[in-house]
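Each reported figure results from applying straightforward, stated rules to the coordinates on display, with no laboratory input. The model shown is predicted, which means the values in this text are computed figures rather than measured ones. Virtual Cβ from ideal backbone geometry, glycine too; neighbours counted across all protein chains shown.
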């Protein structure tokens, strides 16, 4: 027996999905998907992207909801009370219809924002690019939850590639080239994102396109993929 849990979930199929204002991308015909993220290692917890209105399809009509009981009840994501610098944030679902919204695959194809990241090796950890407001339209920053999505903190401002390492004891982030331009600096945290240090990973700034760690996230080794800033040359850098 099936019952309806939630309607208007963001779904893409090349034959049925129309053009979304503000988004420009190409998707092959075998890439249909729905924006549903199962939080790894936590039974019954899912994060979805939802259309506010089935008739309107723009970035300002996409919101994020979470369930902790396999879809029986859906909730908005609680916004943090402070930003990454410790300044108060005025965001409340009751007072100004403001909550936290996370980028998933649908928006990441255009904005180069990495989708939600959870891993079995780091149970309860969720790191994602997000927007505070009444939809996904707005300034993107980096957010972290240590309790499977119940509470959230803003840990960095801007748009980043990110990864976990050493079973979640290390968080690394590097600014994406498409958003911030070339860089040779990597941010890392060993205290659950409460503070970050900078590591210079290359003498020259490069265009960073990818940040990976080994499957299972058991080590503190990370690989950065990029290209030289002023010439066509691929660069692979390992950081540990």
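Mind sorting 234, 152 by how few other Cβ atoms lie within 10 Å of their own Cβ, fewest first?
234, 152
Taking every pair of alpha-carbon atoms in region 160-240, what share in percent sits in each 10 Å bin, from 0 to the bin with the longest distance?
Spelled out bin by bin, region 160-240 gives 19, 53, 25, 3 percent.
What is the Å³ per residue value for the convex hull set by the Cα atoms of region 58-118?
Given the Cα convex hull of region 58-118, per-residue volume reads 135 Å³.
Just grab the label-to-label distance for residue 90 and residue 137, each label 7 Å out from Cα along the Cβ direction, in nm (one decimal).
Distance between label points: 2.1 nm.
So, by mean Cβ neighbours within 10 angstrom, what's the order for 4-10, 115-121, 82-88 with the highest one leading?
Ranked from most to least packed, the peptides come out as 115-121, 4-10, 82-88.
Label points 7 Å out from Cα along the Cβ direction at residue 69 and residue 4: separation in nm?
About 2.0 nm, to one decimal.
Normalising by the residue count of region 160-240, find the relative contact order in percent from Cα pairs under 8 Å and 6+ residues apart.
26
For a quick check: sort 172, 239 by the number of other beta carbons within 10 angstrom, fewest at the front.
Listing 172, 239 from fewest to most nearby Cβ atoms yields 239, 172.
Just want to confirm a number: the relative contact order over the chain, from Cα pairs under 8 angstrom separated by 6+ residues, in percent. Walk me through the intermediate numbers first.
Values: 568 pairs, mean separation 29.2, N = 240.
Reported as a whole number, the value is 12 percent.
Name the shape class, rounded, prolate or oblate, that the alpha-carbon gyration tensor gives for region 187-227, where a ≥ b ≥ c are the square roots of its eigenvalues, rounded holds for a/c under 1.5, and otherwise prolate holds if a/b is larger than b/c and oblate otherwise.
Here region 187-227 falls in the oblate category.
Could you please tell me the mean projected area of the C-alpha convex hull for the chain, averaged over all directions and given in square nanometres to one decimal?
14.4
Given the rule -39500 (n - 2.57) for each run of at least 4 DSSP H residues, summed and divided by the residues of the chain, what is its mean residue ellipticity at 222 nm, to the nearest 500 deg cm²/dmol?
-1000 deg cm²/dmol
Hey, can you rank 160-166, 42-48 by average C-beta count inside 10 Å, highest first?
160-166, 42-48
Of the peptides 59-67, 215-223, how do they stack up when ordered by the mean number of other Cβ atoms within 10 Å, highest first?
Packing proxy ranking, top to bottom: 59-67, 215-223.
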